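Novice: Let me begin by handing over the structure; questions about it come next.
The values are calculated or read from the model by the stated rules, or taken from the named source; none is laboratory data. Just so it is clear, the structure is predicted and the values come from calculations on it, not from any experiment. No Cβ is skipped: glycine too gets one built from the backbone with ideal geometry, and neighbour counts run over all protein chains shown.
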Amino acid sequence: MRTDKDNLKTVLVTDCGSTTTKALLFQKTSEGWRKTCRGEAPTTVEEPVADVTVGALNAFTEIQEVSKRTLLSGDEVKAPFQITTADNASHGIDLYLSTSSAGGGLQMMVTGIVPQMTTESAERAALGAGAIVLEALSADDKRDDHEQIERIRHLKPDIVLITGGVDGGSVSHVEEMAELILAASPRPRFGNTLQLPIIFAGNKDAAEEVSRILADIAQVSVVENIRPTLEVENLGPAREEIHEFFLTHVMSHSPGYDKLLSWTPVPVMPTPAAVGDMVSGYAKRQKKQVLCADIGGATTDVFSVFKNEEGKDVFNRTVSANLGMSYSVANVLLEAGADRIKRWLPYEIEESEVRDRLRNKMIRPTSIPQTKEDLWLEQAVCREALRLSLEHHRSLAVGLSGTQKQKGISDIFSQRTNRYQLVDMMKLDLVIGSGGVLSHAPERMQAALMMLDGFELTGVTEITVDSIFMMPHLGVFSSIHPEAAEEIFVHDCLIHIAHAIAPVFPSGISNGKEILEIRAEGKKIGVVVAGEVMTIPLKEGVEVELELVPLHKKVDIGAGIGSTLLKRITPGLHGLILDGRNRPLQDTSFSVENQQHVYQSLGVS
């Protein structure tokens, strides 16, 4: 198969998910690179089939039938695909690629010494590599040793990442964590005859002793320290080693994956890592600060790219493993509370009925809303899942100030002194929503409203959705041909809904007062009114320069308090959403009448 991007014209990509294997055909057409066909089939990694390639071949067959293009050769073991040639360009493919989260994806355990230093850095490394973090242990864990050992034995992680200590610092705590893992002697999830893969990315002075302690129970790989000093975070080497172990120890021993791996010349990527690559690559090439949420039935992934104090792009990913729209809907109910879910509804309902309906959803996770009331309730749950997931993401998406002052032992126990939040919603340029509740909302404005409310967007933010869960496929394709992947991303993946304009202002400004004037190309086109939500239609796809002028000296729209903001935008389907509800949203903003007014103002039925 070809991997030279200049000679690629037809590329087949699959995402092997936990329940569904999704195949997409990307082709270079007269109009440029486009997604031309899609096929789906149930994933077959579980018994009785226990061979992921069976589901993949079923998805390929669907694409073959829809496209009328012969893709398969009939040899399912060695070479299942026909390869295009100069003489026969209408058959076969040039390249096959794949991502995977089947079998629960990549599951890891991480350890460190101090929770908000090395342990937190270890979490960021694992999450950025596409893993779900099952447990994050620290040297000061409050549980007894026997409780921690029992927990580790129960987990069965795919990979363990051990961190801790700055280079040249103490080694005793790191060695104690290694002894704890030795006592637990955990077994990997796949491959009963394999040793557990362990990556050591801590104090380099402890590497030899940690390797000796764990040699009998694990395959230990030593990489550069994840936190060589208190002010420096070095995640790259650990993430690269996680990917390597994912291929050699996790994927290759999952049912049928050895065959799947032989079909592609490019390493199979964890699905979240592929999405992360697409988000971070697009953000850096477009020089935008981006937030992306993929909300599923059991988990919600949040990806972000924000600039740090030095002006460099920093990518972060978090997984809220207990926040989802079906299997985990009861956890959203538990964490948010029925009253916070109820506040988004444009109709009266008792809290007890909210709880009953959501519990029914949990025990029937594949059901879909049958009435408008059911749909509105599902979308209210989505708002709370997004809010809680963003809170979790903020807690881990932090930067290090890099101060060079002398540090003593007391600074180790006041770790937050050199940490700052990276997520600044006022500076956010683009938000991307993915997952069934957002991508498949009956109306695009409903998806926009869920993100506007759930994330409490401020400033000027473009709201988009991933049309058909294409980002994993594009992420792995971008590793070969980033320009083509971005072209498909822009034309076929992103649905541009609207730009939200949400100023922040003092609580003393009363509802009904005009607080921000909107001008386009020098002409007044509308105003933001405190407490009100409304839309302004603009011609879709035609770039325009907006001038946002505060009408009160303490109103902030992103240029500083009281300052005018100039912003060039390309309008989407619904132009501008003007949101005069102050941030954070106050309890006074919530009533059935207020929600009905918001829905009516935005044309949401």
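Novice: For the range 422-518, which fully contained strands (runs of 3 or more DSSP E) count at least 3 residues that are surrounded by fewer than 24 Cβ atoms within 10 Å (Cβ to Cβ)?
Specialist: It comes to 459-466, 494-502.
Novice: Mind checking which residues of the range 210-243 are part of a helix (DSSP H, G or I), charged (D, E, K, R) and crowded, with 16+ Cβ neighbours inside 10 Å?
Specialist: Answer for the range 210-243, where residues must be part of a helix (DSSP H, G or I), charged (D, E, K, R) and crowded, with 16+ Cβ neighbours inside 10 Å: Arg239, Glu241.
Novice: Related question: As an exercise: evaluate Ser172 against (1) under 29 Å from Lys142 (Cβ atoms); (2) in contact (Cβ under 8 Å) with a residue 24 or more places away in the chain; (3) surrounded by fewer than 17 Cβ atoms within 10 Å (Cβ to Cβ) and give the number of the one condition it does not meet.
Specialist: (2)
Novice: Shifting gears a bit: Scanning the range 164-182 for residues that are of a type in the set (Gly, Ala, Ser) and over 13 Å from Thr119 (Cα atoms), which turns out modelled with the lowest pLDDT?
Specialist: The extreme case among them is Ser170.
Novice: Looking only at the range 189-204, decide whether some residue is buried (at least 21 other Cβ atoms within 10 Å of the Cβ), part of a helix (DSSP H, G or I) and either hydroxyl-bearing (Ser, Thr, Tyr) or modelled with pLDDT of 90 or more (or both).
Specialist: no
Novice: Follow-up question, since we're still on this one. Is it true that Ser121 is part of a strand (DSSP E or B), at pLDDT 85 or above and buried (at least 24 other Cβ atoms within 10 Å of the Cβ)? Lay out the reasoning, then the answer.
Specialist: Details: part of a strand (DSSP E or B): no; at pLDDT 85 or above: yes; buried (at least 24 other Cβ atoms within 10 Å of the Cβ): yes.
It is false that Ser121 is part of a strand (DSSP E or B), at pLDDT 85 or above and buried (at least 24 other Cβ atoms within 10 Å of the Cβ).
Novice: Of the residues in the range 3-17, how many are out of contact with any helix residue (DSSP H, G or I) (no Cβ under 6 Å at 6 or more places or on another chain) and either under 26 Å from Val250 (Cα atoms) or assigned to a strand (DSSP E or B) (or both)?
Specialist: So the answer is 5.
Novice: Is it true that some residue in the range 46-68 is touching a residue at least 24 places away in the same chain (Cβ under 8 Å) and part of a strand (DSSP E or B)?
Specialist: no
Novice: Filter the range 56-88 down to the residues that are among the basic types (Lys, Arg), surrounded by fewer than 17 Cβ atoms within 10 Å (Cβ to Cβ) and at pLDDT 90 or above and list them by number.
Specialist: Within the range 56-88, the subset among the basic types (Lys, Arg) is 68-69, 78.
Checking which are surrounded by fewer than 17 Cβ atoms within 10 Å (Cβ to Cβ) leaves us with 68, 78.
Selection gives Lys68 alone.
The rows are residues; the columns are (1) surrounded by 15 or more Cβ atoms within 10 Å (Cβ to Cβ); (2) at pLDDT 90 or above; (3) assigned to a helix (DSSP H, G or I).
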{"position": "Val354", "(1), (2), (3)": "yes, yes, yes"}
{"position": "Leu358", "(1), (2), (3)": "yes, yes, yes"}
{"position": "Ile368", "(1), (2), (3)": "no, no, no"}
{"position": "Gly399", "(1), (2), (3)": "yes, no, no"}
{"position": "Lys405", "(1), (2), (3)": "no, no, no"}
{"position": "Thr417", "(1), (2), (3)": "no, no, yes"}
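Results for (1) in a helix (DSSP H, G or I); (2) of a type in the set (D, E, K, R); (3) over 10 Å from the mean Cα position of the chain (by Cα), shown as yes or no for each residue.
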site	(1), (2), (3)
Pro272	yes, no, no
Ser280	yes, no, yes
Lys284	yes, yes, yes
Ala293	no, no, no
Gly297	no, no, yes
Val302	no, no, no
Val305	no, no, yes
Glu309	no, yes, yes
